[in-house]
Amino acid sequence: MSVATPSSAQAEASFDTIVPARNRFSVVSIAFWHILRRDLTVTARGFIPFLIQVLITPLSLLFVFGRVMPGVGMTQQQYPSLFLPGVIAVTIFIASLQGMSISLMLDLDSHHEIEDRLLAPIPVNLVALEKVVFTAIRSLVATAFTFLEAYLILGSRYQVQNNILLILGILVLYTLACAALALLLGSALTSDKIYLLFSLFLSLALYTGCVYYTWSSLSSIRALQIITLFNPVTYAAEALRFAMVPPAGGVPLETMPLVWSLLGMSVSFLLFLWFGVRVFRKKVIS
Amino acid sequence: MSSASENPYAIEVCNLVKRYPKAAANAVDDVSFAVKRGEIFGLLGPNGAGKTTILGMLTTRVIPTSGTAHIMGIDVARDQIAAKQRFSVVPQRTNLDLSLNARDILRFHASYHGIPAAKRNALADQLLAEFGLADRRKDLVKNYSGGMTQRVMIARAMMHTPQVLFLDEPTNNLDPQARLFLWERIRTLQGRGITVLLTTHDMEEASQLCDRIAIMDHGSILVCDTPAELEKLVPGGTSLELHISVPQQVPEHVLATIGPSETPAEVSVLSQLQQALGSLPGVTKVEEIHDVRKAEGQTGLSILRLYGEDVLAPISQVSHIVAEWNAELLDLHLARPSLENVFIYLTGRNLRT
């Protein structure tokens with residue numbers, strides 16, 4: 001068809017609209033930072049509900065398995081120290097899925113709040129990456145409070161090696177991996193499938209993630225030991241055990257070699273991120 | 001592509017096509033148009049005509065199957081970031097940030113676009129006052145009415161001082177007062193030199209607001225011109241609308257004059273009556289209108305529209321023919337020139353069906 005040309009005489013209208021003359025990197029990084037700032041602001045304003053959301057599960061686990069059961073002699077006295085890394089790992093997993101997957105599902109399906117950010121001067125992939133970075137930061141804050149909670153609940157049974165840098169490095173890598181998984185699930189599932197998050201993913205993560213037991217202790221149940229390798233919680237729990245659990249009687253705890261657990265987390269992160277960004281993109285651009 | 005300063009067009013759309021996977025037809029089918037800077041341009045058409053898909057392609061949310069779209073001289077598909085800096089979108093459905101109050105929504109939007117803190121604070125307060133939202137600026141927007149929500153969305157869209165504003169069904173579901181308020185605001189924005197492209201299925205909105213209108217149906221632009229020129233498309237300007245209930249069969253005394261029909265169904269009776277009316281002197285076209293009332297089950301009701309240079313002249317003959325055919329005349333009125341008539345004239349369908 002032919003191009004329609006205007007007949008209005010308003011072409012001479014003046015403009016006071018000015019596009020800021022910045023380079024592309026600066027435009028994109030400013031948008032990224034402010035989108036992150038928006039998420040941090042909203043979380044900070046609802047900090048108490050956030051703490052309640054992320055601290056109830058570790059509180060229950062630590063109280064029962066770290067205090068009650070060793071107290072009544074149902075577990076070894078050393079159990080709380082090798083259980084704490086598992087609690088940290090599963091707390092981050094739950095915090096990520098609760099923090100991002102649920103809100104993203106609702107956002108993409110009904111609220112559409114994210115549209116304003118998708119129309120900001122930033123590539124869509126970076127909007128997805130911001131979600132991952134924010135969720136990782138949120139989970140790290142939740143982790144700090146979980147350590148405090150553990151310190152208060154476990155009392156003298158709170159025994160953690162002074163490997164702060166290694167612990168922090170593992171936590172950063174693992175929170176990113178969980179956040180990327182949360183992006184993937186939040187983008188792939190529709191809000192009517194929200195029950196899957198709890199019934200399938202959270203339960204599986206908890207029971208196949210070497211939270212309650214060490215990976216090497218499963219050597220007699222080979223099938224389960226192999227299944228646990230498909231769960232990123234396993235690698236985090238084992239890496240944290242390597243970094244956190246002090247030697248008992250001079251003998252270090254037998255864990256998965258650190259290089260394998262780091263590799264497991266790295267591969268999980270990259271895979272989840274690649275698929276997560278792809279699915280997110282597909283959902284927001286038609 | 002010439003530079004933005006030399007280009008008189010704010011929006012240029014060239015042979016744009018969108019075909020969704022597994023769809024039987026193109027959602028947007030070879031659409032081209034150009035919007036001059038400072039114009040208010042309307043895409044008018046029924047739901048499903050492809051208006052929102054065009055908007056999606058112009059605003060980076062829908063990838064075109066083929067064709068190009070330029071905003072202020074920038075190819076939207078090739079340089080999304082530069083394009084996003086120059087336009088704003090007010091979508092059909094609410095997409096406000098429910099966790100924030102109105103002022104924060106405006107300020108965060110501006111910050112995404114790199115507007116410095118002092119300027120975005122001042123601009124937010126100015127726009128909130130302008131849009132009558134200053135008193136409620138610290139309330140969470142989830143407690144806002146439909147009209148207020150729409151005002152916040154337009155105010156938000158203005159926060160990064162865009163050159164082009166896209167409004168998707170801007171006054172849909174608003175009460176008349178809120179609608180008039182928004183029309184006034186949109187005209188003010190035009191006064192500031194902003195180019196506006198809006199989609200609507202509201203004839204009145206299109207004719208009141210738009211400098212030019214493209215009428216769309218089934219993914220294509222049927223015609224594109226000023227409202228006044230479009231209204232001239234209907235022959236004679238005024239048309240005569242008959243609401244009639246037709247008999248099951250053509251009366252025998254009529255059959256004797258026009259000959260037997262092979263299919264004596266109601267449709268056939270109607271089309272024969274249509275022919276009879278069309279042969280009246282001064283009538284250039286008789287069209288059946290597919291109206292929502294018929295779709296809702298009033299099967300006896302048929303609506304015919306007569307076009308001609310002077311449709312008042314044969315009015316007595318029309319009533320005579322209707323009576324002769326044993327049809328019941330339920331309503332008869334003159335349809336004055338309007339965009340609705342233009343749409344009906346072009347498509348044979350009511351816009352709201």
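The values are calculated or read from the model by the stated rules, or taken from the named source; none is laboratory data. Keep in mind it's a predicted model, so treat the numbers as computed, not measured. Quick reminder, even Gly has a Cβ in these numbers, built from the backbone with ideal geometry, and neighbours come from all protein chains shown.
Couple of notes before you dig in:
- The criterion of at least 3 residues that are among the polar types (S, T, N, Q) and modelled with pLDDT of 90 or more is met, among helices (runs of 4 or more DSSP H) falling completely within segment A:194-286, by A:258-284.
- Selection within segment B:205-229 - more than 21 Å from B:GLY48 (Cβ to Cβ) and out of contact with any Phe, Trp or Tyr (no Cβ under 9 Å at 6 or more places or on another chain): B:SER207, B:ASP225, B:THR226, B:PRO227, B:ALA228, B:GLU229
- When segment B:104-156 is filtered for residues that are more than 17 Å from A:ILE30 (Cβ to Cβ), part of a helix (DSSP H, G or I), among the charged types (D, E, K, R) and within 13 Å of another protein chain (Cβ to nearest Cβ), the ones remaining, listed by number, are B:ASP104, B:LYS142, B:ARG156.
- Qualifying residues in segment B:229-252 (those that are small (Gly, Ala, Ser) and touching a helix residue (DSSP H, G or I) at 6+ places or on another chain (Cβ under 9 Å)) - the one surrounded by the fewest Cβ atoms within 10 Å (Cβ to Cβ): B:GLY237
- Test: B:SER99 is crowded, with 22+ Cβ neighbours inside 10 Å and hydroxyl-bearing (Ser, Thr, Tyr): no
- Of all the residues in segment B:198-218, those that are away from every other protein chain (no Cβ under 12 Å) and at pLDDT 90 or above number 2.
- Which numbered condition B:ALA134 misses (of (1) touching a Leu at 6+ places or on another chain (Cβ under 6 Å); (2) crowded, with 22+ Cβ neighbours inside 10 Å; (3) free of Cβ contacts under 8 Å to residues at least 40 places away in the same chain): (2)
- A:LEU126 modelled with pLDDT of 90 or more, surrounded by 22 or more Cβ atoms within 10 Å (Cβ to Cβ) and within 14 Å of another protein chain (Cβ to nearest Cβ): no
- Qualifying residue in segment A:86-99 (condition: assigned to a helix (DSSP H, G or I) and within 27 Å of B:PRO91 (Cβ to Cβ)): yes
Okay, residues lined up against (1) buried (at least 17 other Cβ atoms within 10 Å of the Cβ); (2) more than 7 Å from chain B (Cβ to nearest Cβ); (3) at pLDDT below 90:
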{"residue": "A:ALA13", "(1), (2), (3)": "yes, no, yes"}
{"residue": "A:ALA21", "(1), (2), (3)": "no, yes, yes"}
{"residue": "A:SER29", "(1), (2), (3)": "no, yes, no"}
{"residue": "A:TRP33", "(1), (2), (3)": "no, yes, no"}
{"residue": "A:GLY66", "(1), (2), (3)": "yes, yes, yes"}
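- The conditions of being within 11 Å of another protein chain (Cβ to nearest Cβ), part of a loop (DSSP other than H, G, I, E, B), touching a strand residue (DSSP E or B) at 6+ places or on another chain (Cβ under 7 Å) and of a type outside the set (Val, Ile, Thr) are not met by B:PRO170.
- First in segment A:47-64 and on the phi < 0 side of the Ramachandran plot, second anywhere and at pLDDT 90 or above and among the aromatic types (Phe, Trp, Tyr), Cβ under 8 Å, 6 or more apart: A:LEU51/A:PHE145; A:VAL54/A:PHE145; A:LEU55/A:PHE145
- Of the listed requirements (1) surrounded by fewer than 22 Cβ atoms within 10 Å (Cβ to Cβ); (2) touching a residue at least 12 places away in the same chain (Cβ under 8 Å); (3) over 30 Å from A:HIS112 (Cα atoms); (4) in contact with a helix residue (DSSP H, G or I) (Cβ under 6 Å, 6 or more places away or on another chain), A:ARG241 misses just one: (1).
- Against the criterion of being in contact with a strand residue (DSSP E or B) (Cβ under 9 Å, 6 or more places away or on another chain) and at negative phi, B:ASP29 qualifies.
- Residue within segment B:38-59 that is of a type in the set (Val, Ile, Thr), closer than 18 Å to A:GLU113 by Cα and either surrounded by 22 or more Cβ atoms within 10 Å (Cβ to Cβ) or at the interface with chain A (Cβ under 9 Å from one of its Cβ atoms) (or both) present: yes
- Residue tally, condition closer than 14 Å to A:ALA142 by Cβ and crowded, with 16+ Cβ neighbours inside 10 Å, over segment A:37-60: 7
- In the set A:SER110, A:SER139, only one residue is touching a helix residue (DSSP H, G or I) at 6+ places or on another chain (Cβ under 8 Å), among the polar types (S, T, N, Q) and within 11 Å of chain B (Cβ to nearest Cβ); that residue is A:SER110.
- Check on A:TYR212, surrounded by 12 or more Cβ atoms within 10 Å (Cβ to Cβ), touching a Pro at 6+ places or on another chain (Cβ under 8 Å) and of a type in the set (Phe, Trp, Tyr): no
- Pairs, first farther than 12 Å from B:THR60 by Cβ and more than 10 Å from chain A (Cβ to nearest Cβ) in segment B:74-93, second β-branched (Val, Ile, Thr) and surrounded by fewer than 23 Cβ atoms within 10 Å (Cβ to Cβ), C-beta under 8 Å, six or more apart: B:VAL90/B:ILE154; B:GLN92/B:THR52
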